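Bear in mind these aren't lab numbers, they're just calculated from the coordinates by the rules spelled out. What you see is a predicted model; the values in this text were computed from it and never measured. We place every Cβ from the backbone using ideal geometry, glycine too, and count neighbours over all the protein chains shown.
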Amino acid sequence: MGKNEQILKFKYKNWKGETRTREVKPVEIWFGSTKWHPKRQWFMKALDVEKNEERDFAVNDILKFL
């Protein structure tokens with residue numbers, strides 16, 4: 001990992017109500033909706049370190065930064 005890459009760690013509640021600790025590399029913040037979150041809201045697009053996939057996290061569902 002390069003010096004300028006920042007990993008965020010937080011507790012997150014997914015659309016099923018399950019809570020997990022997530023580690024991500026943020027890409028952007030955006031406003032809109034997704035298949036899993038049809039209500040328009042703020043999202044953080046980020047690379048999920050564990051899954052090595054880009055995902056959208058609903059900012060409202062971030063419970064606590066660690």
With no solvent and one equal point scatterer per Cα, compute the Debye intensity ratio I(q)/I(0) for the stretch 8-65 at 0.31 Å⁻¹ and report its log10, rounded to two decimals. -1.47
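Sort ILE7, ILE62 so the one with the fewest other Cβ atoms within 10 Å of its own Cβ comes first. Don't jump to the answer; show the numbers that get you there.
Numbers: ILE7 12, ILE62 15.
Placing the least packed residue first, the sequence is ILE7, ILE62.
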Can you spot the aspartates and glutamates whose alpha carbon is less than 15 Å from LYS39's alpha carbon? Ignore those fewer than 8 places along the same chain. ASP56, ASP61
